[in-house]
Structure formats: structure tokens, C-alpha cells
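Taking it in order: structure first as C-alpha cells, then the write-up.
The values are calculated or read from the model by the stated rules, or taken from the named source; none is laboratory data. Treat the numbers as computed from the prediction; the structure is a model and nothing was measured. Here Cβ is always computed from backbone atoms with ideal geometry, including for glycine, and neighbour counts include all displayed protein chains. Note: areas computed on protein heavy atoms with side chains; ligands, DNA, RNA excluded. Shrake-Rupley method; radii C 1.70, N 1.55, O 1.52, S 1.80 Å.
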Amino acid sequence: MAASKPVEAAVVAATAPGSGSGVGGGGGTAGPSIGGLPRWQLALAVGAPLLLGAGAMYLWSRQRRRREAGSRGDASGLKRNSERKTPEGRASPALGSGHPEGSGAHLEMNSLDRAQAAKNKGNKYFKAGKYEQAIQCYTEAISLCPTEKNVDLSTFYQNRAAAFEQLQKWKEVAQDCTKAVELNPKYVKALFRRAKAHEKLDNKKECLEDVTAVCILEGFQNQQSMLLADKVLKLLGKEKAKEKYKNREPLMPSPQFIKSYFSSFTDDIISQPMLKGEKSDEDKDKEGEALEVKENSGYLKAKQYMEEENYDKIITECSKEIDAQGKYMAEALLLRATFYLLIGNANAAKPDLDKVISLKEANVKLRANALIKRGSMYMQQQQPLLSTQDFNMAADIDPQNADVYHHRGQLKILLDQVEEAVADFDECIRLRPESALAQAQKCFALYRQAYTGNNSSQIQAAMKGFEEVIKKFPKCAEGYALYAQALTDQQQFGKADEMYDKCIDLEPDNATTYVHKGLLQLQWKQDLDRGLELISKAIEIDNKCDFAYETMGTIEVQRGNMEKAIDMFNKAINLAKSEMEMAHLYSLCDAAHAQTEVAKKYGLKPPTL
């Protein structure tokens, strides 16, 4: 499929891994999920190519690379430049080095000629692997070269840096490349060699700035440069996220997020309304008044707080039940673990989940639900084998539990095992024919399979399947949202816009849908004002929607407003629900920072919207 407009880059960022939450309990696009993994259908939205890396600094070039290289957005679509040849025979790029006329010119030419001869001799030693002798020749060339011959002199420094590189003398490499860049500020070869030296010296920030400059100068077409940028961004992101996440204050998500999370489970005992026996007779007659539980139970009080959407008190009340080893201890462990996950504290959640799973006498649905949530947590932590084991164990102990197949189907999508995902969705639908969510997600899985296989007849069949789902389940917001994503991919923008409107009518407080509708305006009509208005509306509805802040930041990068972009990314970082999400967001933020510094130093900026 041809890319539509340059603004596609903004869509790419919004659909790249790291946007939102993940497998194990989200209502797909319409709702988030636990553990911080990308919403499965967002992470794999086939309408936009996935990023090579997390850096926003090269988003703008996605559409052009797809058009020119016929790429699907991966590294294979980049220009595969050969290794930069070293040493050099002349300066690159040439900025004009004509010699002045007259007797003075004769002396100057002699001096420059001797320098060039020394450099040529050094090149021969270099090619022979005699790097110490090459360094001596390049040093001689530097001493002989007239100081006003900036381009030639920069070449001699760069060549000496190449020899130092062969000897792994990274400090000397960086120093000589710095001299070369001072003499010739847009010297790509010197900038890239210094970036590699900074990488070896563990100077990540300096490495990122140099490779950012190189990527911009090369038009984001060289795979070596892009891969180094990707590598250092990920390292910086992980490093910063690890420290930040360790010391972060727990943050309860918005009520809409929590309700969407729980709505993705149908066999989850802890999310069901309180039973008759759990309320006093008097309370049953009180409408609109706070309930009082019949028993003095921390778990039942926690359930009461859930119904009141007073989520901040739930962990405390569950702890009381657990400490007292009360009647509902297993339920309290599972509910407390769930809210630990919701606030992004996986370390605290895991022991509780482990205990529930090991309680052989506990209700099997409690144990299966704990396995689903632990499996989702493992996937978020990039441990797919452990995740798969937990989902398979859940299916073994509770084979009639539709939630197991629903959430395992989402896991299979993330693992790119589409056929197995469809089989799991089918089993979920067999067990619960009224599961609109599973039917919508099955359609999207089939659509993705058809798209990646470039099978037009199967694509049409999948699109027809979406029509059947929304006709059969007209109140399923998820169906409209996923159909809208497929329609956007097929560039049926008007119909996609209608689907988002239907989704908003059903769930007017769903911030994520407003973000998607805003992105659609950018891709469809290039209406920046309307797009930003809708994303701002998402933030107004849910000021804890990290997806909205991330998307806004990405758009501001596209517009060249780096200060605003960094502010948006920082807000998203503070709301991130997992260390992995946080690392992704730090990568985006660091990329924007690097662009700011490169613009100051070299006056280099990518094109903007």
C-alpha cells in the first residue's frame, strides 16, 4: 500500500511499540491493559510501518523510504551504504580548495603538496596494516599543511583518527575527529567515526548527538548510522528508565482505564459485582447510598470501594484481609496483585500472583486469572517463553475459561503467530458466543494476516468480517475502533472517520479514540489544527492518558517544536505504567533533545510539517 502523506510519521510513532498498555486485559484500542505492553492492535497496526528504532528524529523520512525503496518500514528499506572507506585521498565533502596565484601560491602549493605526499604515504601504510607508521605520516601531513587549508587539514585529522581506530585508541580517535569537525563542521565521516568512538568510551549523549547529525546529513538513508542511533537511543532509554522506574511514585490510572481493563475479563471473580450475601439486607434497599458490607472483611470492603470507584483504598483493604488470613484471602491476593500491576508495581504483584497460583484449594478461576495476569506481566518484561507457559497452564487447569483463549490470542498476535491467535479467538467465541471483543479482534488478526501476505481477496474477506461484527454487535466500541484502523490502512479515510465517531458515541470518555481520530485528520486531510484539537480533547477527558501525550510529543517533533515535544514526552514518562514503556518514551525524548543540540551546533534540522 502506498503511503499517503508525510504526516504518516506521526501515525507510525503512535502505533510503534511502547504506546499504551498491553496483553492481559485491555479492551484493545478501546481500552488499555495491564503491564504496560503496547496495545496489541496498536503495536501491530499494519497500516503504518514499524519504526526501525524508537527515535523520533528520523520519523519524518518513513514515507519517503517506503516510496523510494518499496520497503515495509524495516531496515531492509534503507540504503545499504558500504562501510565508509578509510583513509581518504581527499577531503569530503569538497568545499573548494583552489590555489591562489603568484609566487606566494608556489610556496603554498609546495607546502600543501608535501603534506599531501605525507598523507599518501600514510595511506599506503594504512592499507598494509602498519597503523603506527601511518599515524606518523598523517602527523607529518598535519604539521606541513597550511593552516588556512581547512578541508585538506580536516582530512588529515580524519585519516589519523581512522588509524587510531584500528589500534582501538578511542580517546585519540575522538580528539582527532573533533579537530576534523571543527575545520569542516558537516564532515560526515568524521562525525560518524567520533560517534563510534564515543560509543566505545560510553559517552552515550555525545554519541547520540553525533549520529543524529550524521543521520540528518545523510537524509536518514544509511543503515549503519540508523542502527547506531537506534542502539544508543535504546541504551539511554533503558538506563534512564531503570533509575526513574525504581524511584517512581505509584500512580493510579484513570477510572476509565481501570474499567476498560476489567471489562476485558468475563471469568474474573474479583471484578464481578458484590454478591447478595456480601451486602446487608438494609443496604440492598438503599439506592444511591454507600454500601456497607455484611462481614468485617477487608476484601469485601475493597470490593465496595471498587463499586464506588474509590480505587486508592483497595490495596490497603486487601492487605488487611491477607494479614488476617481471612475467608477471602485468595481473592484479596489476586485483587491486590491486580492493582499493583495497574499502578505499575510488578515487583509487588508477582509474589501475590505466585501465591494464588500455588493455592491448589483456591477456586480454579482465581488461579487461571492469576496465570493470565502473570503471563501478561512476563510478556511485558519481554519473557515470551514464561508468558506462553503461564497461558498454557491456565488453559490446562481451566479449559472452559474463555478469558484464557482471549488473552492468549492477543499474546499470539504479539508473537506474530497469527494462525494460533485465530484458533484461540475461535475457542473463546465457542465458549462465549456473545463475546463481541473476541470476534472483533479475530477479524483484525485475519486482516493483519491477509495484509502481511498481500492477499487482496483475504483482505476483502476480513473487511467484510468487520461489517458483520459491527452489524451483529452494534454496541461494541472495539469493533468500530479496529475496523477504523483497517479502513485507515486501506486509505478509506471517510469511512474510518465514521467508525471513530460511532466509537466515541458509545464511549465518549475514551481518550484513546480521540487520539486515533486526531491522527486520522492529519493523515487524511493534513488538518494539523483539527488533529491537535482532538488530541487535546483526549488529554482533557483523561489527563493520565500517556498515549495522548506521547502522540502530541511526536507531532511537535514533526513541527520542529522540540521544547514542546520534550515537555509532552516527559509528561508521558511520568505516567508510564512499566519500565519498558518508560524506556521507549525516554528514547523519544532523548531523540528530541539530540535534535535540539544538533540544531544549535550545526544548524541542522530535518524537514518539518
Selection count where residues are within 15 Å of Ala332 (Cα to Cα) and not in a helix (DSSP H, G or I), scope region 362-385
2
Take the conditions more than 19 Å from Lys442 (Cα to Cα) and touching a Phe, Trp or Tyr at 6+ places or on another chain (Cβ under 8 Å) and apply them to Pro399. Does it pass?
no
State whether one or more residues within region 280-300 are out of contact with any His (no Cβ under 8 Å at 6 or more places or on another chain), at pLDDT 90 or above and aliphatic (A, V, I, L, M).
yes
Starting from residues that are farther than 12 Å from Val173 by Cβ and among the aliphatic types (A, V, I, L, M), keep the ones in region 192-227 and report whichever is most open to solvent (accessible area, probe 1.4 Å).
Leu227
Condition test on Glu243, is it free of Cβ contacts under 8 Å to residues at least 12 places away in the same chain, under 29 Å from Val557 (Cα atoms) and under 20 Å from the mean Cα position of the chain (by Cα)?
yes
Could you list, in sequence order, all residues of region 559-603 that are open to solvent by less than 10 Å² (accessible area, probe 1.4 Å), among the polar types (S, T, N, Q) and within 19 Å of Ser536 (Cα to Cα)?
none
Would you mind listing the helices (runs of 4 or more DSSP H) fully within region 204-281 where at least 1 residues are under 30 Å from Thr608 (Cβ atoms)?
204-217, 223-246
Restricting attention to region 307-340, the residues that are at pLDDT below 95 and crowded, with 23+ Cβ neighbours inside 10 Å number exactly 0
